[in-house]
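Student: Quick one: the structure is below, questions incoming.
The values are calculated or read from the model by the stated rules, or taken from the named source; none is laboratory data. Keep in mind the model is a prediction, meaning the values are calculated, not measured. So basically every Cβ, Gly included, is an ideal-geometry build from the backbone, and we count neighbours across all protein chains shown.
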Amino acid sequence: MSWQAVARKDFQDASRSYLLWGLTIGFIALVSLAAAVLGWVQSDPTSTDILGLLHMLFQYIVPLIAIAISFGAIVNERDSGSLKILLSLPHSRTDVILGKALGRTAAFVVPLVLGMLVPAVALLVVGVEFEAAKYFGYLLLATLFGVAFVSVATGMSATFESRFRILLSVFGFYFLFNILWRAINTASFVIVLTLSGQWPSWMPLTVQETLRVFQLLSPTGDFQILRQALMNDVLFASEVGEGLPDFRLQLGAMAMLLVWITLPILIGILRFEDADL
């Protein structure tokens with residue numbers, strides 16, 4: 001199929017540019033550094049302890065890497081003039097977007113997986129208590145989280161013609177949902193409660209339920225919900241302890257992550273179909 005050819009070439013180009021190997025080494029170094037630091041400050045750390053420290057870095061670094069890999073998916077081809085050549089081959093515009101999205105996804109996923117598998121083997125060799133379900137469950141969630149940002153960046157690369165507008169959009173998206181979102185939500189609720197004295201009676205949801213809905217709108221919030229459930233052994237469990245995300249909230253978080261993975265690509269396809277080359 002045509003989109004497969006585009007994806008294969010895009011992934012091969014990433015391999016030839018040493019991008020895959022550089023990112024793989026970077027992820028291995030990051031996980032190893034987290035293990036070394038924790039081993040220095042804490043006696044007998046487990047793999048889950050290492051994940052706790054690693055998560056503090058991953059929630060900010062993983063989206064940035066995904067964006068860096070993906071924002072030029074279409075605009076680089078457009079600027080170099082190779083996009084017209086690509087479309088002169090038996091590829092539709094939809095094929096190009098899907099192929100580019102899958103190629104950039106592979107260029108992100110392969111280094112991340114290798115970057116966590118190699119340290120996992122090392123942890124087992126040195127005798128660290130290794131909780132495989134949590135470790136590989138976290139790897140899966142981090143992969144979905146990163147792929148959501150790959151999709152957003154690729155979709156914006158297809159939507160806008162200007163490199164400046166693409167960069168402004170993707171980093172604005174990152175800053176809004178990864179840095180500001182929680183602060184904006186908290187501030188808005190504090191203002192409402194301060195002005196009204198209590199949560200408005202006409203609201204169909206409680207304060208806590210409304211906060212959770214806002215959290216679901218952010219891919220970072222979805223990742224946090226699922227990660228919290230995983231680390232507390234209640235991922236998609238029918239009964240959870242107080243203060244932990246329940247089954248419906250976890251299901252909503254997973255559904256929203258999948259929306260973030262698919263919707264930007266669909267929007268990019270629709271916009272790219274009518275774009276001037």
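Student: For region 124-141, name all the residues that are modelled with pLDDT of 95 or more and either under 18 Å from VAL259 (Cβ atoms) or not in a helix (DSSP H, G or I) (or both).
Tutor: LEU140, LEU141
Student: When you scan region 247-259, do you find a residue that is farther than 30 Å from SER157 by Cα, surrounded by 15 or more Cβ atoms within 10 Å (Cβ to Cβ) and free of Cβ contacts under 8 Å to residues at least 24 places away in the same chain, even just one?
Tutor: yes
Student: Tell me which residues, restricted to region 41-88, are of a type in the set (Ser, Thr, Tyr) and touching a Ser or Thr at 6+ places or on another chain (Cβ under 7 Å).
Tutor: Once the filter is applied, which keeps residues that are of a type in the set (Ser, Thr, Tyr) and touching a Ser or Thr at 6+ places or on another chain (Cβ under 7 Å), region 41-88 yields only SER70.
Student: Six or more apart or on different chains, Cβ under 7 Å: which pairs go from a residue in region 207-218 that's more than 12 Å from ILE184 (Cβ to Cβ) to one that's buried (at least 17 other Cβ atoms within 10 Å of the Cβ)? Could you list them?
Tutor: ARG212/LEU249; LEU216/ASP222; LEU216/GLY252; LEU216/ALA253; LEU216/MET256
Student: Would you be able to tell me the number of residues in region 25-45 that are at pLDDT 90 or above and either polar (S, T, N, Q) or farther than 11 Å from LEU112 by Cα (or both)?
Tutor: So the count comes out to 1.
Student: I need every pair where a residue in region 16-32 that is assigned to a helix (DSSP H, G or I) has its Cβ under 6 Å from the Cβ of a residue that is modelled with pLDDT under 90, sequence separation at least 6 or different chains.
Tutor: LEU20/ALA14
Student: So which pairs qualify, if the first residue must be in region 1-13 and touching a residue at least 60 places away in the same chain (Cβ under 8 Å), the second must be β-branched (Val, Ile, Thr) and assigned to a helix (DSSP H, G or I), the Cβ gap must be under 7 Å, and the two must be at least 6 apart or on different chains?
Tutor: VAL6/VAL96
Student: Continuing with this model, one more query. Of the residues that sit in region 154-206 and are small (Gly, Ala, Ser), modelled with pLDDT under 80 and in a helix (DSSP H, G or I), which one is surrounded by the most Cβ atoms within 10 Å (Cβ to Cβ)?
Tutor: By that ranking, first place goes to SER188.
Student: Which of the following residues is in contact with a helix residue (DSSP H, G or I) (Cβ under 8 Å, 6 or more places away or on another chain) and under 15 Å from GLN59 (Cβ atoms): GLY155, GLY146?
Tutor: Checking each option against the conditions leaves just GLY146.
Student: Sticking with this structure for a sec: Considering every residue within region 70-84, establish whether at least one is out of contact with any Pro (no Cβ under 9 Å at 6 or more places or on another chain), without any contact (Cβ under 8 Å) to a residue 60 or more places away in the chain, more than 24 Å from PHE173 (Cα to Cα) and among the polar types (S, T, N, Q).
Tutor: Looking for residues that are out of contact with any Pro (no Cβ under 9 Å at 6 or more places or on another chain), without any contact (Cβ under 8 Å) to a residue 60 or more places away in the chain, more than 24 Å from PHE173 (Cα to Cα) and among the polar types (S, T, N, Q), one finds at least one in region 70-84, hence yes.
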